[in-house]
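Below is one structure, written out as structure tokens; comments come after it.
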Amino acid sequence: VPSIRIAPSILSADFARLGEEVRAIDEAGADWIHVDVMDGHFVPNITIGPMVVKALRPHSTKTFDVHLMISPVDPFLDAFAEAGADVITVHPESGPHIHRTIQRIKALGKKAGVSLNPGTPAKMLDYLMDEIDLALVMSVNPGFGGQSFIDSQLRKIEAVRRAIDKSGREIALEVDGGIDVNTAPRAIAAGADVLVAGTATFRGGPTAYAENIRRLRGS
Ligand code: DX5
Ligand code: ZN
């Protein structure tokens, strides 16, 4: 059984106290810190940029898993790398040359992820499997927290799992959107090993974070 990593999305944190929130989820047992970057163009919402990532960086030593939902994405890769991102995940639709974008992320010394929207097929990854460190299956349309898990994405998680196993490479399989205590076991059964959870981590406030994370992990 692969170990499951929980990546709380700070999209559901209290934005007026983001540093404290990052420390709280770190202490509550988060494996990674998932940072959702939105530009109001690639997705219909606006969140934060590299300055905020940089400001949060000293608040945790855990992996900063930076999910870029911005277009064009290439002009901002260096800034997020410099701000302290460990994993930089991009959508193939956010620029004309996904392979080049991944090469740039790796040249910056960071782990590279590719994220598939609900309508984007698993085969989009076929010619990227030699390069990527992470595949992200979106189980909601990106832009907002608190949406319902789209069941059809389970089949995609299974397909990506097969592709990863066939590659023989170490590639994380992350699922993002609508993860809660009911959908987490289904995503894990389909082959996921990193679960992003915003709403399900932050509900109940800081005193509930540790228990929320433990329940998502299924332990
Ligand atoms: C959606 C973001 C997700 C989101 C998940 O665009 O990529 O990371 O915060 O939120 P929940 O867990 O509430 O569905
Ligand atoms: Zn995300």
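The rows are residues; the columns are (1) hydrophobic (A, V, I, L, M, F, W, C); (2) loosely packed, with under 13 Cβ neighbours inside 10 Å; (3) touching a residue at least 40 places away in the same chain (Cβ under 8 Å); (4) under 23 Å from Leu216 (Cα atoms).
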site: Pro121; (1), (2), (3), (4): no, yes, no, no
site: Leu128; (1), (2), (3), (4): yes, no, no, no
site: Val137; (1), (2), (3), (4): yes, no, yes, yes
site: Ser148; (1), (2), (3), (4): no, yes, no, yes
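Take the residues in segment 131-153 that are assigned to a loop (DSSP other than H, G, I, E, B) and aliphatic (A, V, I, L, M), then tell me which one is nearest to ligand 2 (Cβ to nearest atom).
If we take residues in segment 131-153 being assigned to a loop (DSSP other than H, G, I, E, B) and aliphatic (A, V, I, L, M), then Val140 is nearest to ligand 2 (Cβ to nearest atom).
Whether any residue in segment 164-179 is modelled with pLDDT of 95 or more, surrounded by fewer than 23 Cβ atoms within 10 Å (Cβ to Cβ), within 20 Å of Ile6 (Cβ to Cβ) and within 14 Å of ligand 1 (Cβ to nearest atom) is what I want to check.
no
So, in segment 52-83, of the ones that are in contact with a strand residue (DSSP E or B) (Cβ under 6 Å, 6 or more places away or on another chain) and away from ligand 2 (no atom under 15 Å from the Cβ), which residue ends up nearest to Ile171 (Cα to Cα)?
Among those that are in contact with a strand residue (DSSP E or B) (Cβ under 6 Å, 6 or more places away or on another chain) and away from ligand 2 (no atom under 15 Å from the Cβ), it is Lys62.
When you scan segment 181-192, how many residues do you find that are more than 15 Å from Ala30 (Cβ to Cβ) and within 16 Å of ligand 2 (Cβ to nearest atom)?
Residues flagged as more than 15 Å from Ala30 (Cβ to Cβ) and within 16 Å of ligand 2 (Cβ to nearest atom) within segment 181-192 amount to 3.
On the given criteria, is Ala7 touching a helix residue (DSSP H, G or I) at 6+ places or on another chain (Cβ under 8 Å) and buried (at least 17 other Cβ atoms within 10 Å of the Cβ)?
In short, no.
Filter segment 140-163 down to residues that are touching a helix residue (DSSP H, G or I) at 6+ places or on another chain (Cβ under 6 Å) and near ligand 1 (Cβ under 8 Å from one of its atoms) and give me whichever is farthest from Asn182 (Cα to Cα).
Per the stated criteria, the residue is Gly145.
Could you check segment 29-51 and list, in sequence order, the residues that are within 11 Å of ligand 2 (Cβ to nearest atom) and small (Gly, Ala, Ser)?
None; the set is empty.
Output the number of residues of segment 1-52 satisfying the condition of being aromatic (Phe, Trp, Tyr) and in a helix (DSSP H, G or I). Explain how you work it out, then say what you get.
Step one: filter segment 1-52 for residues aromatic (Phe, Trp, Tyr), giving 15, 32, 42.
So of that shortlist, the ones also in a helix (DSSP H, G or I) come out as 15.
Here the count works out to 1.
For the list (1) in contact with a Gly (Cβ under 7 Å, 6 or more places away or on another chain); (2) surrounded by fewer than 22 Cβ atoms within 10 Å (Cβ to Cβ), I need the number of the one condition that Ile132 fails.
Single failed check for Ile132: (2).
Looking only at residues in segment 10-20 that are within 16 Å of ligand 2 (Cβ to nearest atom) and farther than 11 Å from Val196 by Cβ, which one is surrounded by the fewest Cβ atoms within 10 Å (Cβ to Cβ)?
Filtering first and then ranking leaves Phe15.
Hey, can you tell me all the residues within segment 128-138 that are more than 8 Å from ligand 1 (Cβ to nearest atom) and either in contact with a strand residue (DSSP E or B) (Cβ under 7 Å, 6 or more places away or on another chain) or modelled with pLDDT under 95 (or both)?
Hits for segment 128-138 are Leu128, Glu131, Ile132, Asp133, Leu134, Ala135, Leu136, Val137.
Any residue that is within 13 Å of ligand 1 (Cβ to nearest atom), within 18 Å of the chain's Cα centre (by Cα), surrounded by 15 or more Cβ atoms within 10 Å (Cβ to Cβ) and more than 20 Å from Gly113 (Cα to Cα) - is there at least one of those in segment 26-41?
no
So Glu174 fits all but one of (1) in a helix (DSSP H, G or I); (2) touching an Asp or Glu at 6+ places or on another chain (Cβ under 8 Å); (3) not hydroxyl-bearing (Ser, Thr, Tyr); what number is the exception?
(1)
The values are calculated or read from the model by the stated rules, or taken from the named source; none is laboratory data. It should be emphasised that the depicted structure is a prediction, and the values quoted were computed from it without experimental measurement. Because the Cβ atoms are built from the backbone with ideal geometry, glycine has one as well, and the counts that use them run over all protein chains shown.
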